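These notes concern the structure reproduced below.
The values are calculated or read from the model by the stated rules, or taken from the named source; none is laboratory data. Fair warning: this is a prediction, and the values are worked out from it, not measured in the lab. Here the Cβ positions follow ideal geometry from the backbone for every residue, glycine too, while neighbour counts run over all protein chains shown. Note: accessible area is taken over every heavy atom of the protein model, side chains too, but ligands, DNA and RNA are not part of it. Shrake-Rupley method; radii C 1.70, N 1.55, O 1.52, S 1.80 Å.
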Amino acid sequence: MDYNKDWSGLNDVDLFKGDLDQLSVIHVTGTKGKGSTCFFTEKILQTCGFKTGMICSPPLTETRERIRLNGKVVPRRMFATYGLEVLQMLEKVEEDFNELEEDRRRPNLFQYMMILGLYIFLKEKVDVVIFEVFIGGENDYSNVFRAPAVVGLTTLGIDHTEYLGTTLESIAWHKSGIAKKDRPLLTLNQPKGPLKVIALRTMEIEAIPYICPPLSAYETDGRAIELGLHGDFQHNNAALAVQMAKRWIEEKHSGRYDFNGLKDCSLPGRHQVVRWNHVTFYCDTASNEMSVTSCKEWFHLAAEEERERLGVPVTRVLMFSMKAKDKTQGVLTKLADYDFDATIFCPSWMIAGTLPEAHPAFYNAKTKFTFEGEMKNTEKLKTYYEEALDKLGKTKRPKVKATSSIPSALRWAVGTVDDLRDLPPLQACESDDEGRLDVASHVQVMVTGNFYIVGEIVNHGSRF
């Protein structure tokens, strides 16, 4: 990804002709909770009667999910119609910059989806745009708004160190770079070091920094605001969303706030349940230690409730896929602390060697995902998990297995109790002769790690 490419002049090219300034934008950055905060903000503004547009990432099952209009994924026909218009205009813009190298003239997937989303919002005349940054702030593709209505900065953590640096202070510098002169930047109560950096950075930019009060500050008649998303940390995300929406309404359309919609807020792939006849999938796109801890708590409560309701023995399985990085060992240590009956690791593809549409590399021929490379990564995850089990000294150890695709994982974990005829057939590179997991009457599978494995389970499972 050409992360440092300068798109600050996007407003002035023929594609927008200055119209970008017409959009009223709530720009959201941070490390943890960006997606939840954006969905909370969208829900509040919708409940208050405003027409919303939102650009968020990553998608769960298809790339179209990155663009939302009025609380729903942009319709296919609209996506295609406006998409063709944007492509034609980009071709014209490209002619004006023909002196540039080929790969510098054309937008990549992230840039194209951003341009298309903004174009749709202008055409559909939304009241407000909620925009989640792609990675950082200062050099992010989305840092093109000259005067956003509100800027939000969620909880900071260590991530994308190759672009943002290895300390919270460095990451705070980059993230707060989307602040703009005379515009409010709202943040949560960050650690002292990063908070000082944010204060200095906003002073340099001449932005107006605020620290959001806790969600409890918005209680009415002693009643707390109800949230539709599980986890104590979601209260921080909701507090930021409430304050951003409140600031926007006060400035643009002064009136009454309504936060009741937060109890109905949900995110695709977050605490989502998919039920088959004898298998229940508990899907959550948890990818760091904090979110995995919340995922375990939710899974345990929901799975226990189902077990008591069914009144039958259950087998509990962890299904996991993720690119093995430094943080992955910490994530797997958190997961190893739960008493699963079995754990299975696999690449996040339904057909071995074929990436799901939601994966950005699906659109980039230069990015190579080989069967051998993905299997090596899967074995590494399995090793990390087994090492975590050893360190924890677990007396009850789950059966642990690595497979080559989601279908082969499902056949091993749940194939004895459910009809899997609609799964893609196994290929020559896969094996179906390694037996089956001995399971109880009902299987409860916690699916987590990355968006793509969750997306494939949700997409396939919803057809049953």
When only residues in the range 131-158 that are at pLDDT 95 or above and in contact with a Leu (Cβ under 8 Å, 6 or more places away or on another chain) count, which is nearest to Ala238 (Cα to Cα)? Thr154
Hits in the range 24-40 (condition: modelled with pLDDT of 95 or more and open to solvent by 10 Å² or more (accessible area, probe 1.4 Å)): Ser24, Phe39
Just one of Ser462, Ser441 is open to solvent by 10 Å² or more (accessible area, probe 1.4 Å) and modelled with pLDDT under 90; which is it? Ser462
Go through the range 159-190 and count every residue that is exposed (fewer than 14 other Cβ atoms within 10 Å of the Cβ), modelled with pLDDT of 95 or more and within 25 Å of the chain's Cα centre (by Cα). 0
Per the filter on the range 376-405, residues in a loop (DSSP other than H, G, I, E, B) and either in contact (Cβ under 8 Å) with a residue 12 or more places away in the chain or in contact with a Cys (Cβ under 7 Å, 6 or more places away or on another chain) (or both) are Lys394, Lys396, Pro398, Thr403, Ser404, Ser405
Out of everything in the range 262-317 that is open to solvent by less than 10 Å² (accessible area, probe 1.4 Å) and assigned to a helix (DSSP H, G or I), what residue ends up being nearest to Leu227 (Cα to Cα)? Leu262
Please determine, by comparing only the residues of the range 25-72 that are in contact with a Pro (Cβ under 6 Å, 6 or more places away or on another chain) and outside any helix (DSSP H, G or I), which one is nearest to Lys252 (Cα to Cα). Val25
Yes/no for Ile249 being touching a Phe, Trp or Tyr at 6+ places or on another chain (Cβ under 8 Å), open to solvent by less than 60 Å² (accessible area, probe 1.4 Å), under 20 Å from Ile26 (Cβ atoms) and not in a helix (DSSP H, G or I): no
